[in-house]
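The values are calculated or read from the model by the stated rules, or taken from the named source; none is laboratory data. These figures come from a predicted structure and were not determined experimentally. So basically every Cβ, Gly included, is an ideal-geometry build from the backbone, and we count neighbours across all protein chains shown. Just so you know, the surface numbers come from the protein's heavy atoms only, side chains and all, with ligands and any DNA or RNA stripped out. Shrake-Rupley method; radii C 1.70, N 1.55, O 1.52, S 1.80 Å.
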Amino acid sequence: MSYVIKDQGCVFTGDTLLIRGCGRTDFQEGSPKNLYENVHSKIFTLPDNYRIYPAHDYNNIDIRIRQAELEYALGREELQMLSIVEEARALQSRLEKSKPEAQTLYNIISSGVSLSLHAVHATSGRWAAQQRADQPGFYVEWALEGDGLYKGDRILEINGRLVTSKTKEELQKHVGNSGKCQMVVLRKKSLPIPQKQLDQEKENNMRLQHRISYLEEQVKELQTVKEQPHHQQQQHQQHQQLHQTPTNQSQHVTSISISSPPSTPPEKPLIFQRGNYITTLVGGKPIELMGDDSAQTPAHVTKTLIKENTHIDLRERLPHMYSMPSKSLSASKISINSDSAYMQHHRREKERHRERRPRDPLQQQQQLHREHLMSNGLSSLPERQPFTSDFFFRQLFDEESSTYSYLLADLKTGEAVIIDPVLEQAKRDAQLVKELGFKLKYAINTHMHADHITGSGWLRELTGCKSMIATASGAKADLYLREGDRIEFGSHVIDVLATPGHTNGCMSYVIKEQACVFTGDTVLIRGCGRTDFQEGSSEFLYENVHTKIFTLPENYRIYPAHDYKGQLESSVWEEKRYNPRLTKDLEEFIQIMDNLNLSYPNKIDVSLPANRECGVYDIPKE
Ligand SMILES: N[C@@H](CCC(=O)N[C@@H](CSS)C(=O)NCC(=O)O)C(=O)O
């Protein structure tokens, strides 16, 4: 399927149409003919300015490597899961075997219980035997100590005659009135599994079931991620993390049915934890986190359905949780009594809101969204300002250094600029410029990079553009930039802001008309550039971000030079609220920056000397 959003002029083509490629057709129901026909009749007939968003992009060996890594991780998880499934099966069968089953000699021996034959002379005659429901033979019920008979012994022979009796009276005839006789009895060597051990095994089994369902989820996730290109894989990870943030309300429900609940509630609560996902079972019931605080705690409750319905006072059972800090579990809001006053209030409130809801589905959704924001103490994301129709924007990625480059153009004049190009991608970028019919005017650097060689020098050779960098960077270029400079391409203007801190020569580039800012390494998504080498200064970085970036309108999009977690863009609104470093006060910020403990960029030794020469140093011939 392809999904078209007409009013946004874009189509999501999945694997049907990829950038400069298309999906393979050599498995599943693949058909080159059908693919070709569909692309030509349904995608290529859409307006030419429709943006195409494919499901994959494979231009880089790193993606393959990442996929191989994922395959490996998947294999490992699958193996682990298999061995745990085996373990669970073995446990299950032991549990099942502990249920009463027909005590035929065959069943007993095949279940692994060893039997021994005993010749017993019952001299006292003080013993009794009984039949057992649905089981053949007679079993000693009680016997006087010292006679050598034990409860549970199965009587095979009495006074030389095999016991084939069907009734107690027939047996009595063999024994005679005195009860004194010579007997052969069959005795189980192993004693039945004690209840405590049985309970323990049930508990273990429950744990294993839980682990299996977690591993199944992991495998499913890995399988999904494996299908995605690196970019999306990283996004997926980020998405996962986001879904564990306090603002996420959705509950993750795993349903495990245990057919035989423990006869008595376990003394201790069972707590399962996977990262922020916590399941606590008390008396077989999951504890639910409720109340506003649950939105602020990273704990995420997995419901496990167990057939049991006891209400238990948690304060007695979990006194330690009631003293936990609210960051790990909001204990004061823990309750398992679904009819608690809080729940009743919550339900009534929900109903009240439902009654007030508008009829129109769109308005209803809007109201729900407002309610959701309000109840989570969030303000609403500012409205997005679209790019103007004559502004071309393309974000490009270099996998090796996780660097974003941005190709921007004026569609009317064809004049283009590229921000932070990477040497290894210069050919790709030059090719794209050519295909789109642009004329590359400038290759602009946000700063002198330490982790990769700039592509600006090489692009200059390939396209005739001019390279640019801040005077303060100390690097060579065709043109030097200072705060307040304006870079023009067609009718578009980039305003230059000096934002030193990561390095002396760091610049941010603002395009007011398009409501966006290219922050280089000054502001990263939920992070910022390191300040531990070159001329790094945490104080400068903090001050410049707060006075020059965070003062921009909140709906300005932020485009950084790197992202290591698969995020593509952010906004001033988001970073002002969620940047874990820059939202702190200066003192704490400096402390965070002083303790990042990042290793030096792998390519620092080649990048810095090359970038001082605008990247035209040691350029590969090919
Ligand atoms: N591992 C990478 C380098 C990662 C790194 O240090 N990134 C810099 C920007 S490039 S100098 C940075 O400021 N990171 C901040 C952060 O919080 O990660 C490599 O070897 O190239």
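Mind checking which residues of the range 484-531 are of a type in the set (A, V, I, L, M, F, W, C), within 14 Å of the ligand (Cβ to nearest atom) and under 13 Å from residue 473 (Cβ atoms)? Give the derivation first.
As a first pass, look at the range 484-531 and keep what is of a type in the set (A, V, I, L, M, F, W, C): 487, 489, 493-494, 496-498, 506-507, 510-511, 515-518, 523-525, 528.
Pick out the ones that are also within 14 Å of the ligand (Cβ to nearest atom) and you get 506, 523-525, 528.
Of everything in the range 484-531, just one residue is of a type in the set (A, V, I, L, M, F, W, C), within 14 Å of the ligand (Cβ to nearest atom) and under 13 Å from residue 473 (Cβ atoms), namely 506.
Which members of the range 124-138 meet the condition of being open to solvent by 80 Å² or more (accessible area, probe 1.4 Å) and of a type in the set (S, T, N, Q)? Let's see the steps before the verdict.
Step one: list which residues in the range 124-138 are open to solvent by 80 Å² or more (accessible area, probe 1.4 Å), which gives 126, 130-134.
Answer for the range 124-138, where residues must be open to solvent by 80 Å² or more (accessible area, probe 1.4 Å) and of a type in the set (S, T, N, Q): 130, 131.
Residues checked against (1) within 27 Å of residue 395 (Cβ to Cβ); (2) open to solvent by less than 70 Å² (accessible area, probe 1.4 Å); (3) touching a Phe, Trp or Tyr at 6+ places or on another chain (Cβ under 8 Å):
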| residue | (1), (2), (3) |
| --- | --- |
| 11 | yes, yes, yes |
| 38 | no, yes, no |
| 51 | yes, no, no |
| 71 | no, no, no |
| 87 | no, no, no |
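Out of 435, 415, report the one residue that is away from the ligand (no atom under 16 Å from the Cβ), in the same structural domain as residue 503 (by the TED database) and in contact with a Lys or Arg (Cβ under 8 Å, 6 or more places away or on another chain). Talk me through it step by step, then tell me what you get.
Details: 435 fails: in contact with a Lys or Arg (Cβ under 8 Å, 6 or more places away or on another chain).
Just a single option satisfies the conditions, and that option is 415.
Do you know which residues across the range 385-418 are among the polar types (S, T, N, Q) and under 15 Å from residue 463 (Cβ atoms)? Don't jump to the end; show me each part of the working.
Start the filter on the range 385-418 by keeping residues that are among the polar types (S, T, N, Q), which leaves 385, 388-389, 395, 401-403, 405, 413.
Across the range 385-418, the qualifying residue is only 405.
When both residues are 6+ apart or on different chains and their Cβ atoms are under 7 Å apart, which pairs have a first residue that lies in the range 147-171 and is at negative phi, and a second that is open to solvent by 50 Å² or more (accessible area, probe 1.4 Å) and hydrophobic (A, V, I, L, M, F, W, C)?
Partner pairs satisfying both residue conditions: 151/142; 156/162.
Out of all the residues in the range 139-162, which are open to solvent by 80 Å² or more (accessible area, probe 1.4 Å) and either of a type in the set (A, V, I, L, M, F, W, C) or in a strand (DSSP E or B) (or both)?
142, 161, 162
What residue, of 552, 541, is at pLDDT 95 or above, away from the ligand (no atom under 14 Å from the Cβ) and assigned by the TED database to the domain that holds residue 418? Break it down stepwise before answering.
Values: 541 fails: away from the ligand (no atom under 14 Å from the Cβ).
Every option except 552 fails the conditions.
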